[in-house]
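The values are calculated or read from the model by the stated rules, or taken from the named source; none is laboratory data. Every value quoted in this text rests on a predicted model; they were computed, and no experiment measured them. Positions of Cβ are backbone-derived with ideal geometry, glycine not excepted, and every protein chain shown enters the neighbour counts.
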Amino acid sequence: MNITSVDIYRYDLPLSPPFTHASSGTVTHLKEVYVKLSTNTGIVGWSEVRGNCEYVTGDTPERVVAVLQHIVAPYLLGKDPLQRNAINRDLDRLILGNSAAKAAIDIALLDLAGRHYETPAAQLLGGIVQSSFASDATIAFGTVEQAKQEASNYLQAGFRVLKVRVGPDRALDLKRVTAAKEVIEQFGLSQDVLFCVDANQGWSVKEAALRIAQYKPLGVEWIEQPVPADHIAGLKTLKHMSSIPIVADESCKSVADVARIAAEDAADIVHLKIVKAGSIAKLQQMMGIADAFHLPVMLGQMDEGRLATAALLHAAAASSAKHFEVWGFQRVKAEDDPVSALVVENGRVHLPAGPGLGVEVDEHRLCNVASLS
C-alpha cells in the first residue's frame, strides 16, 4: 500500500458565542486545516488541526497549508502509510517546528491505519484503557452575570470541572471567580467540583502571587499558565511558593519542554496537546516523561472541531491520564461542523466507535486548497 494523493482543505468553524482569553484576544472562527491521505487500495485517512494558533505555536492557516503543500505532501507521495514512525522521523528532519502541519499528517496516518486494520485508532496506540472522559468546561471572559450563567449551565449539564478564564483585570476577575464559586455552592457541589482558573500567560510572577492570595479562600484548586510560556523559572517559583497547584500549558510545546519542567520540578501538572506536540507519537513521549517523574497529566486541545477532538480522544483512550479538556468543540454548532457528531453525556465525552478515528467527514463542504498526486 502506498499514498497516491494528498488533499488539503480549509474550513472555518464559526463560534457561537466567540471566545476571548489573555493570549488570543477575541476569536470568532476556528480556522481549520483538513488533510486527506488516499492510497492505491482505496483506503483514506483524515485529520484536522487548528490553523489560527499563532498565540501558542506561531502557526497560521496559510502557513500550515503552505508547509503541507510544498514540503510535506511531495515527500509523502509513494510512501507506505503504515510506516508511521519512519514518516514522523523524516518530517522532523525535513522541517523545523511547524507542529500543526506535522500533527495533521500523524493524525491522518493513524486514521488510515485504523481503517486498514478495521480497528479503532486507540488500539494501535496500545489498547483502550478508558473510553469516556470527564472534561472541564470553560467560563469565558465576560461579565459577572455571564460567569454565573455559564457556571449554572455547565453544572446542570453534568460537568464537574469548571475553569474560569482570567486576565489583566484583577478586580473584575475576582468578582467573576467569586460569582462562579457561589453558583457551585448554591448547587451544593463544593465537594464535587474541581474549580480552576486559567491565566493564559497573562501575569507576572508578582501579579500571580497576589492572585493566588485572593483565590485561595475561594477554593480554587489549580492555576493554569500564570506566566509567559518561556518563563520556566517563574513557573518554578510559583510552584514552590503556592499552596494552589500550578499547571503548565503553553510552556509544554515539546518533549524537551516537558523534560525540563519535570526535571526542574517547575509545575504540579502538565497540560499536553497534539497540536503543540506535533504528533500523537510525541504526545505519548511527553506522557511517558511525566509519568516517570510522577507528574500528573491533563490531555487537552486548542478549541477545535470534532475531527481534531476525536484524535485526542483516541490518544486519551490509550493513556492513564486523569484530567481532560476535550470539549473544545462546544461553541461550534453540530450543523456547522463537517464532521459527524461526538457523544457528550453528563459532562463526559465518549470515544467514538468504529475504525480509525471513528468519525466521518463531509468532504463536499470543505474548500480544497491543494491536491497533489
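Each residue in the range 282-320 was checked for being farther than 17 Å from ARG260 by Cα and in contact with a helix residue (DSSP H, G or I) (Cβ under 7 Å, 6 or more places away or on another chain), and 10 pass.
Just a yes or no: is a residue in the range 310-319 touching a residue at least 24 places away in the same chain (Cβ under 8 Å) and under 14 Å from VAL35 (Cα atoms)?
Just the residues of the range 310-319 that are touching a residue at least 24 places away in the same chain (Cβ under 8 Å), to begin with: 310-319.
Next, only the ones that are under 14 Å from VAL35 (Cα atoms) stay: 311.
Checked the range 310-319: at least one residue is touching a residue at least 24 places away in the same chain (Cβ under 8 Å) and under 14 Å from VAL35 (Cα atoms).
Counting only strands (runs of 3 or more DSSP E) wholly contained in the range 292-373, the ones carrying 3 or more residues that are more than 21 Å from CYS252 (Cβ to Cβ) occupy 348-350, 367-372. With respect to the stated conditions, LYS175 fails to be assigned by TED's automatic domain parsing to the domain that holds HIS240, touching a Ser or Thr at 6+ places or on another chain (Cβ under 8 Å) and modelled with pLDDT of 95 or more. The residues listed here are GLN214, GLN201; of these, the one that is at positive phi, in contact (Cβ under 8 Å) with a residue 40 or more places away in the chain and either in contact with a strand residue (DSSP E or B) (Cβ under 7 Å, 6 or more places away or on another chain) or in the same structural domain as HIS323 (by TED's automatic domain parsing) (or both) is GLN201. Among residues of the range 47-61 that are outside the structural domain of CYS252 (by TED's automatic domain parsing) and modelled with pLDDT of 90 or more, those with a beta-carbon under 9 Å from a residue that is surrounded by fewer than 22 Cβ atoms within 10 Å (Cβ to Cβ) and among the acidic types (Asp, Glu) at least six positions away or on a different chain give the pairs THR60/GLU54; PRO61/ASP12.
Note on the range 121-172: among residues that are assigned to a loop (DSSP other than H, G, I, E, B) and among the hydroxyl-bearing types (Ser, Thr, Tyr), the one that is nearest to PRO355 (Cα to Cα) is SER131. Would you confirm whether or not the range 121-140 contains a residue that is without any contact (Cβ under 8 Å) to a residue 24 or more places away in the chain and surrounded by 19 or more Cβ atoms within 10 Å (Cβ to Cβ)? Yes: one or more hits.
Conditions tested, residue by residue: (1) part of a helix (DSSP H, G or I); (2) under 27 Å from GLN191 (Cβ atoms); (3) under 14 Å from the mean Cα position of the chain (by Cα).
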position	(1), (2), (3)
ARG211	yes, yes, no
GLN214	yes, yes, no
VAL220	no, yes, no
ILE223	no, yes, no
PRO228	no, no, no
LEU238	yes, yes, no
ALA256	yes, no, no
VAL270	no, yes, yes
VAL275	yes, no, yes
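Residues of the range 346-373 that are over 27 Å from ALA137 (Cα atoms) and polar (S, T, N, Q): ASN368, SER371, SER373. Of the candidates GLU32, GLU48, the single residue that is assigned to a strand (DSSP E or B) and under 19 Å from LEU283 (Cα atoms) is GLU48. Here ALA66, ALA101, ALA86 are screened, and the one residue that is more than 18 Å from GLU363 (Cα to Cα), touching a Leu at 6+ places or on another chain (Cβ under 9 Å) and not assigned by TED's automatic domain parsing to the domain that holds ALA310 is ALA101. Residues in the range 66-106 that are within 16 Å of LEU37 (Cα to Cα) and outside any helix (DSSP H, G or I): LEU77, GLY78, LYS79, ASP80, PRO81, LEU82, GLN83. In the set (1) touching a Phe, Trp or Tyr at 6+ places or on another chain (Cβ under 9 Å); (2) closer than 21 Å to MET302 by Cα; (3) part of a helix (DSSP H, G or I), the condition left unmet by ARG63 is number (1).
Taking the range 245-267, which residues are surrounded by fewer than 20 Cβ atoms within 10 Å (Cβ to Cβ) and of a type in the set (A, V, I, L, M, F, W, C)? Residues satisfying the conditions are VAL255, ALA256, ALA259, ALA263.
Would you mind finding the one in ILE280, ILE223, ILE232 that is crowded, with 20+ Cβ neighbours inside 10 Å and either under 22 Å from GLY167 (Cα atoms) or touching a Pro at 6+ places or on another chain (Cβ under 8 Å) (or both)? Before the answer, list the steps.
Values: ILE280 fails: either under 22 Å from GLY167 (Cα atoms) or touching a Pro at 6+ places or on another chain (Cβ under 8 Å) (or both); ILE232 fails: crowded, with 20+ Cβ neighbours inside 10 Å.
Matching residue, one of ILE280, ILE223, ILE232: ILE223.
Note on the range 85-98: residues that are of a type in the set (S, T, N, Q), surrounded by 15 or more Cβ atoms within 10 Å (Cβ to Cβ) and at pLDDT 95 or above total 1.
Consider ALA263 carefully, then state whether it is at pLDDT 95 or above, of a type in the set (Gly, Ala, Ser) and in contact with a strand residue (DSSP E or B) (Cβ under 7 Å, 6 or more places away or on another chain). No.
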